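Let me begin by presenting the structure, written as structure tokens, before commenting on it.
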Amino acid sequence: MSLTEADRALIEVAAAAIRQRYRNDWQEVGAALVTRTGKIFAGVNLDAYLGRMAVCAEGVALGQMITELGEAGIESIVAVRHPKPHETDRDVHVVSPCGACRELIYDYDPGARVLVPSPDGVVAVGIAELLPNKYSRERNL
Ligand SMILES: [Zn+2]
């Protein structure tokens with residue numbers, strides 16, 4: 001699925017968030033989501049001295065949504081990575097959500113669109129495509 005103008009605007013919101021808060025080894029990823037009611041939330045990752053305490057940018061953006069609106073559904077979500085100081089490519093690029101974030105996004109909206117990198121550039125895919133055969137308490141096989 002190719003990107004819309006709204007998708008490109010959402011990528012820019014995520015990029016602006018991490019450009020503003022980038023801190024080497026601590027804040028390197030930004031995320032933005034648009035709810036099914038059209039409201040946009042952004043977040044940056046929270047790295048930690050103990051790596052297992054880290055929180056992804058998508059989770060922070062989702063937490064902003066839940067705090068302000070409650071369950072509003074996720075129309076689309078994207079994460080972007082800021083380059084480290086030594087990297088020659090200074091652009092912010094779209095990255096795929098990690099496995100834990102795929103679970104989280106699916107749980108809050110199984111119909112969410114996710115903007116991900118592909119050989120053809122950034123494309124939109126359904127979260128279910130990124131998490132086939134997700135764990136479920138239901139017997140659905
Ligand atoms: Zn993640």
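Since every read-out is calculated from the coordinates, none of them should be taken as a lab result. All values reported here derive from a predicted model rather than from experimental measurement. Every residue, glycine as well, gets a Cβ built from its backbone with ideal geometry; the counts of neighbours run over all protein chains shown.
Numbers for the structure displayed
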| item | result |
| --- | --- |
| J(HN,Hα) series, the range 50-61, from Karplus relation 6.51 cos²θ - 1.76 cosθ + 1.60, nearest Hz, glycine and proline x | 8, x, 5, 7, 4, 10, 6, 4, 4, x, 5, 4 |
| Unit charges at the beta carbon, dipole of the range 5-141: most positive-side option, VAL92, ILE127, TYR106 | TYR106 |
| Ordering of 44-55, 83-94, 114-125 by burial proxy (mean other Cβ atoms within 10 Å per residue, highest first) | 114-125, 44-55, 83-94 |
| Alpha carbon convex hull of the range 5-130, volume per residue in cubic angstrom | 108 |
| Whole-Hz ³J(HN,Hα) from phi, Karplus 6.51 cos²θ - 1.76 cosθ + 1.60, for the range 24-30, glycine and proline x | 3, 6, 10, 10, 10, 10, x |
| Debye log10 I(q)/I(0) at q = 0.12, 0.14, 0.18 Å⁻¹ for the range 41-113, Cα point scatterers | -0.37, -0.49, -0.77 |
| Mean Cβ neighbour count within 10 Å, used as a protection proxy, ranking 129-139, 67-77 highest first | 67-77, 129-139 |
| Nonlocal amide H pairs with ILE74, under 5 Å, H built at 1.01 Å | ARG36 |
